[in-house]
Amino acid sequence: MLTLESRRRDFPALGSMTYLNTAAESIPPLCVREALETYWQDKLRGMNGREAHYAKMERCREAAARMLRLTPAEISFCSCSAEAYNLLATALNLQPKDEVVINDLDFPSGATPWLTSPTPLAVKVWKSLKGALNLDDLVPLLNLRTRLVQVSLVSFYNGYRLEWAPFVQCVRQQAPAAILAVDVTQALGRIVLDCSDADCIVSSTHKWVLGFHGGCIVGIPQRRAAALTTCAGGWFHLTDAFGSDRFERAVPKTGAASYSVGMPNFAAIYALDAALRYVEQVGVEAIAAHADPLAEQLYQALLELGLTPMAPSQPGHRSGILSFRHPNSTAIHADLERGRVHVMHHAGRLRVSLHGYNSADDVERLITALRGSLKSNCKPESTAATTETPSP
């Protein structure tokens with residue numbers, strides 16, 4: 001993943017393009033394809049393949065636990081982060097007097113379940129300033145009625161990386177009854193996590209961790225298991241789904257296990273197990289040590305090109321995402337695509353993602369392509385300070 005040889009061997013698709021869009025979709029290593037082929041062979045055994053499916057799920061649970069710094073019993077799987085947060089909503093059973101704090105750099109999956117609640121809730125928005133979330137702006141939003149504070153460790157929107165320790169200290173002091181939920185989708189597999197003291201950890205599996213769609217990791221520490229047990233119907237998460245009293249009562253397993261309400265997506269779990277072990281073998285520390293300097297190089301290059309990154313510089317605390325705006329972003333994106341340089345474009349915003357499989361040559365190709373495109377689309381950049389609601 002970190003050398004020219006391993007990149008060519010494990011990610012052959014990268015030989016024909018400059019791929020800088022992992023925050024949207026990763027390029028999985030070949031071992032993930034091999035895992036899916038194994039799933040296919042196990043599935044061809046019909047019901048006899050179930051034993052292999054369940055064994056693979058337990059292996060995947062162990063790998064995910066190591067990545068999140070939890071125990072296997074504190075890990076479960078569902079289909080996506082949106083499902084995880086909606087299940088969390090059933091566990092919290094929020095009442096009209098309860099308050100929820102979200103922020104304007106978060107992905108909709110973590111923010112919207114509280115806005116669509118059948119019980120009207122007091123939902124407060126922690127607003128970013130110049131692309132960053134400041135604790136001074138959070139404190140007035142917290143009190144003894146705060147039941148949930150939801151954040152992303154890394155913002156999908158502009159790449160801002162939350163300074164976790166002071167954030168946790170602030171929430172615990174100002175809102176001691178609050179559940180602290182964190183989405184690590186844009187962090188897991190790219191940066192070394194420091195959020196195992198959260199109450200709920202959620203991550204989709206098709207981005208930096210190099211897995212496939214249809215999977216989501218849910219981490220619920222044992223100390224919060226009883227409080228965060230879902231109230232959803234289903235069968236896979238029940239203590240006894242087929243007992244003689246099954247039409248009279250349904251008792252879910254506690255904590256993380258309650259988030260796997262139906263038949264697991266075993267294909268996604270096979271893929272995730274292979275992906276997690278691949279990332280683990282390379283080492284997240286090594287990935288960060290390789291990719292962070294590339295992000296710093298790009299940050300400085302954007303400034304030299306007159307483009308202002310939408311999140312402030314965070315030396316030594318980088319994520320894998322850099323975003324910027326330009327009034328001619330559509331034309332710039334088209335120029336990059338023609339040159340087989342792939343980044344995300346949406347509503348005037350261009351987002352670049354740098355993972356361990358990217359190289360200094362990738363960054364140089366992007367910079368060269370941007371420089372050429374800007375000469376053709378040379379209207380001055382609009383302000384980079386964001387006050388509007390982030391979009392995907």
Subject >> Any pair with Cβ under 6 angstrom, 6 or more apart, that starts in region 1-18 at a residue that is under 15 Å from Ala275 (Cα atoms) and ends at one that is surrounded by fewer than 16 Cβ atoms within 10 Å (Cβ to Cβ) and at pLDDT 95 or above >> reply: Asp10/Leu30
**OP:** Tell me which residues, restricted to region 79-127, are part of a loop (DSSP other than H, G, I, E, B) and in contact with a Ser or Thr (Cβ under 7 Å, 6 or more places away or on another chain).
**Re:** Cys80, Leu94, Gln95, Pro96, Asp104, Leu105, Asp106, Phe107
Subject >> Positions within region 36-70 being touching a Phe, Trp or Tyr at 6+ places or on another chain (Cβ under 9 Å) and closer than 29 Å to Asp194 by Cα, in sequence order >> reply: Lys56, Met57, Cys60, Arg61, Ala64
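Consider region 25-63. How many of its residues are out of contact with any Pro (no Cβ under 8 Å at 6 or more places or on another chain) and either assigned to a helix (DSSP H, G or I) or under 27 Å from Lys253 (Cα atoms) (or both)?
26
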Original post:
For region 171-185, what are the residues that are in contact (Cβ under 8 Å) with a residue 12 or more places away in the chain and more than 28 Å from Thr308 (Cβ to Cβ)?
Top reply: Val171, Gln174, Ala175, Pro176, Ala177, Ala178, Ile179, Leu180, Ala181
Original post:
Can you tell which of Ala64, Ala84 is surrounded by 20 or more Cβ atoms within 10 Å (Cβ to Cβ), assigned by TED's automatic domain parsing to the domain that holds Pro264, touching a Cys at 6+ places or on another chain (Cβ under 9 Å) and not aromatic (Phe, Trp, Tyr)?
Top reply: Ala84
Original post:
If you check Gly234, Gly211, which single one turns out to be surrounded by 16 or more Cβ atoms within 10 Å (Cβ to Cβ), in contact with a helix residue (DSSP H, G or I) (Cβ under 8 Å, 6 or more places away or on another chain) and closer than 21 Å to Val261 by Cβ?
Top reply: Gly211
Original post:
Among the residues of region 276-293, is any buried (at least 24 other Cβ atoms within 10 Å of the Cβ) and either in contact with a Cys (Cβ under 6 Å, 6 or more places away or on another chain) or at pLDDT below 95 (or both)?
Top reply: no
Original post:
Does Val139 meet the test of being in the same structural domain as Ile220 (by TED's automatic domain parsing), farther than 28 Å from Ser260 by Cβ and modelled with pLDDT of 95 or more?
Top reply: yes
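Residues are listed down the side, and each one gets a yes or a no for (1) within 23 Å of the chain's Cα centre (by Cα); (2) within 21 Å of Tyr19 (Cβ to Cβ):
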position: Leu303; (1), (2): no, no
position: Ser319; (1), (2): yes, yes
position: His333; (1), (2): no, yes
position: His346; (1), (2): yes, yes
position: Arg349; (1), (2): yes, yes
position: His355; (1), (2): yes, yes
position: Leu370; (1), (2): no, yes
Subject >> Among the candidates Ala369, Ala289, Ala311, residue that is touching a residue at least 12 places away in the same chain (Cβ under 8 Å), over 23 Å from Leu105 (Cα atoms) and not assigned by TED's automatic domain parsing to the domain that holds Gln186 >> reply: Ala369
Original post:
What number of residues within region 275-322 are among the aliphatic types (A, V, I, L, M) and closer than 30 Å to Ser373 by Cβ?
Top reply: 15
Original post:
Does Val184 satisfy being at pLDDT 95 or above and touching a Leu at 6+ places or on another chain (Cβ under 6 Å)?
Top reply: yes
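The values are calculated or read from the model by the stated rules, or taken from the named source; none is laboratory data. Every value quoted in this text rests on a predicted model; they were computed, and no experiment measured them. Cβ: placed from backbone, ideal geometry, glycine included. Neighbour counts: every protein chain shown.
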